[in-house]
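Comments concern the structure below.
The values are calculated or read from the model by the stated rules, or taken from the named source; none is laboratory data. These figures come from a predicted structure and were not determined experimentally. Note that we place each Cβ from the backbone using ideal geometry, even for glycine, and neighbour counts take in every protein chain shown.
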Amino acid sequence: MNTSLDSALAEAEARYTADNPKSGARHAFARTTMPGGNTRTVLHYTPFPLAWAKGDGVTLIDLDGHAYTDFLGEYSAGLYGHSNSVIRQAIRDALEGGIVLGGPNQYEADLAQAIRDRFPSIQLLRFCNSGTEANIFAIQTARAVTGKSAVLTFQGGYHGGVLYFRAGGMPLNLPIPWLTATYNDAEGAAAMIRAHAADLAAVIVEPMLGGGGCLPADRDFLFALRQACSEHNVVLIFDEVMTSRLSTGGYQAMVGVTPDMTTLGKYLGGGLSFGAFGGRMDLMTRFDPDRADSFPHAGTFNNNVLSMAAGLAGLRKLLTAQAIGLLNRKGDRLRNAVNEIAKRHDVGLKATGVGSFVGLHFTRNDVHQPGDLDPAEAERRTKLQNLMHLDLIAAGKYMARRGFIALMLPTTEEEVDAFAGAVEEFVVSRRSLLE
Ligand SMILES: Cc1ncc(COP(=O)(O)O)c(C=O)c1O
């Protein structure tokens, strides 16, 4: 039994390095051509990430041949699992018709209609290639239409690599006059909207802070944003890149708050690259190329046949209200199990989230916004996250290092219970470090 967190972590990393020589070698090779061996920051963790050889259902196999149950679900884009037969068939069928056709194809308008049918606030939409792009276009649309320049975001918000509002700032954020308010503080945000109304083009908000720790928005908070934006000609953008999968109408349907624009991504391409932005008719109609004053919106792969076909098959054939309900209940089961374990063993561990999203935090506080996590404890929390991540990997469970979990449709209750069992094992074996 380790008595110090640092030595426990060093020991866990040494065990991991010894267990995963092929992933280690792959990382060393990748370092010769990519900074840190990495081309997507969120996939990096110490001492090096596992490199995947294969995925099947909810199982991942690494280069060294170990099998893991996948609880990361490709940060929510892997909703359908790694080998869904309906998605695979749709991709095969689309492939038969040619890959890059350079014109409208037989899928995109159907997918647009399937999305609009689910999200009535999206009267018209446009496709793009990622959630980041969708957010950039939504923000720029709001700025161009209103003629105002500033955009209100929230601490801990993540809308893409150039739209990231973590504490300490982000050097690569787009040069837009940003204002940052506190998440889930309805009065504070409404006051900020009123105070800056003359120059405020948009408010962009995740209905659940995803990268910020799976912290869902209160209905009152979103409702206050809605009211203040309506009063001051400010475009309210819901970034539902993650949360749209929580019901057939996204988080907006769950809380009954209608944004002016919505951005989408992740699973809606069936597991292939995808983004979309849409909303009110008067805003989106500005993209109509027949208009003399139309906004240009380019993107070689906006309507790529594989994403369109896979996304359409997913919505038409797989993502029913019933499937979503079942999946969300598995998320509830996992969240409740972890919180019950923490209570039973009297340790500072909290499971947050909503439906099929779960965030794990080493704290005794209730967490409604990132500021509820004591900054003085940040280093200790990070070390505990690292240790739990490595211990769960050793137990065959894969999630994000920061404790982010996005369940996949094929995840079973037994797998959820096994994950909770592995968390309990961690809590028991590392008890003294969790004080
Ligand atoms: C809420 C949210 N918005 C936007 C993005 C960016 O999407 P993409 O990675 O497709 O650019 C993400 C990705 O994690 C996200 O979680």
Cβ-Cβ under 9 Å pairs, at least 6 apart or on other chains, segment 305-321 side modelled with pLDDT under 95, far side outside any helix (DSSP H, G or I): none
Specify the residue that is farthest from Asp366 (Cα to Cα); the eligible residues are those in segment 180-238 that are free of Cβ contacts under 8 Å to residues at least 24 places away in the same chain and of a type in the set (A, V, I, L, M). Ala195
Output for Cβ contacts, cut-off 7 Å, separation at least six or different chains, first residue free of Cβ contacts under 8 Å to residues at least 12 places away in the same chain in segment 68-89, second within 16 Å of the ligand (Cβ to nearest atom), reads none
Among helices (runs of 4 or more DSSP H) lying entirely in segment 174-272, which contain 1 or more residues that are surrounded by 24 or more Cβ atoms within 10 Å (Cβ to Cβ) and within 14 Å of the ligand (Cβ to nearest atom)? 250-255
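Residues are listed down the side, and each one gets a yes or a no for (1) touching a Leu at 6+ places or on another chain (Cβ under 7 Å); (2) closer than 19 Å to Leu264 by Cα; (3) within 16 Å of the ligand (Cβ to nearest atom):
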position	(1), (2), (3)
Lys54	no, no, no
Thr59	no, no, no
Arg92	no, no, no
Gly97	no, no, no
Gly103	no, no, no
Tyr107	yes, yes, no
Ser121	no, yes, no
Leu124	no, yes, no
Where Arg40 falls short, out of the listed (1) surrounded by fewer than 14 Cβ atoms within 10 Å (Cβ to Cβ); (2) within 16 Å of the ligand (Cβ to nearest atom); (3) in contact (Cβ under 8 Å) with a residue 24 or more places away in the chain; (4) among the charged types (D, E, K, R): (3)
Cβ-Cβ below 6 Å, separation at least six or inter-chain, first residue in segment 156-172 and outside any loop (DSSP other than H, G, I, E, B), second more than 7 Å from the ligand (Cβ to nearest atom) and among the aromatic types (Phe, Trp, Tyr): which pairs? Gly157/Phe165; Tyr158/Tyr164
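Could you grab me the full set of residues in segment 132-163 that are under 30 Å from Arg402 (Cα atoms), more than 10 Å from the ligand (Cβ to nearest atom) and buried (at least 18 other Cβ atoms within 10 Å of the Cβ)?
Let us first name the residues in segment 132-163 that are under 30 Å from Arg402 (Cα atoms), namely 132-139, 151-163.
Applying the additional criterion that residues be more than 10 Å from the ligand (Cβ to nearest atom) yields 137-139, 151-156.
Residues satisfying the conditions are Phe137, Ala138, Ile139, Val151, Leu152, Thr153, Phe154, Gly156.
Within segment 281-319, how many residues turn out to be assigned to a helix (DSSP H, G or I) and either farther than 14 Å from Ala134 by Cα or in contact with a Pro (Cβ under 9 Å, 6 or more places away or on another chain) (or both)?
Here is the first cut: in segment 281-319, the residues assigned to a helix (DSSP H, G or I) are 281-287, 305-318.
Applying the additional criterion that residues be either farther than 14 Å from Ala134 by Cα or in contact with a Pro (Cβ under 9 Å, 6 or more places away or on another chain) (or both) yields 281-283, 285-287, 305-318.
Within segment 281-319, residues that are assigned to a helix (DSSP H, G or I) and either farther than 14 Å from Ala134 by Cα or in contact with a Pro (Cβ under 9 Å, 6 or more places away or on another chain) (or both) number 20.
Got at least one residue in segment 423-435 being on the phi < 0 side of the Ramachandran plot and touching a Lys or Arg at 6+ places or on another chain (Cβ under 6 Å)?
As a first pass, look at segment 423-435 and keep what is on the phi < 0 side of the Ramachandran plot: 423-435.
In the following step, the residues that additionally are touching a Lys or Arg at 6+ places or on another chain (Cβ under 6 Å) were identified as none.
No: segment 423-435 contains no residue that is on the phi < 0 side of the Ramachandran plot and touching a Lys or Arg at 6+ places or on another chain (Cβ under 6 Å).
Among the listed residues Gly353, Gly403, Gly371, Gly348, identify the single one that is of a type outside the set (Val, Ile, Thr), in contact with a Lys or Arg (Cβ under 8 Å, 6 or more places away or on another chain), within 21 Å of Phe165 (Cα to Cα) and not assigned by TED's automatic domain parsing to the domain that holds Gly271.
Working: Gly403 fails: in contact with a Lys or Arg (Cβ under 8 Å, 6 or more places away or on another chain); Gly371 fails: in contact with a Lys or Arg (Cβ under 8 Å, 6 or more places away or on another chain); Gly348 fails: within 21 Å of Phe165 (Cα to Cα).
Of the residues listed, the single one that is of a type outside the set (Val, Ile, Thr), in contact with a Lys or Arg (Cβ under 8 Å, 6 or more places away or on another chain), within 21 Å of Phe165 (Cα to Cα) and not assigned by TED's automatic domain parsing to the domain that holds Gly271 is Gly353.
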Among residues of segment 328-347 being of a type outside the set (Gly, Ala, Ser) and buried (at least 21 other Cβ atoms within 10 Å of the Cβ), the residue farthest from Glu413 (Cα to Cα) is Val338
Ala12: more than 25 Å from Val416 (Cβ to Cβ) and of a type in the set (A, V, I, L, M, F, W, C), yes or no? no
(1) under 22 Å from Pro370 (Cα atoms); (2) within 16 Å of the ligand (Cβ to nearest atom) all hold for Gly168 apart from (2)
Residue check, Ala298 against (1) free of Cβ contacts under 8 Å to residues at least 60 places away in the same chain; (2) within 20 Å of the chain's Cα centre (by Cα), all met but one. Which one? (2)
Residue pairs, Cβ under 9 Å, 6 or more apart or interchain, first in segment 1-26 and loosely packed, with under 11 Cβ neighbours inside 10 Å and at pLDDT below 95, second part of a helix (DSSP H, G or I) and not hydrophobic (A, V, I, L, M, F, W, C). List them. Met1/Ser429; Met1/Arg431; Met1/Ser432; Thr3/Ser432
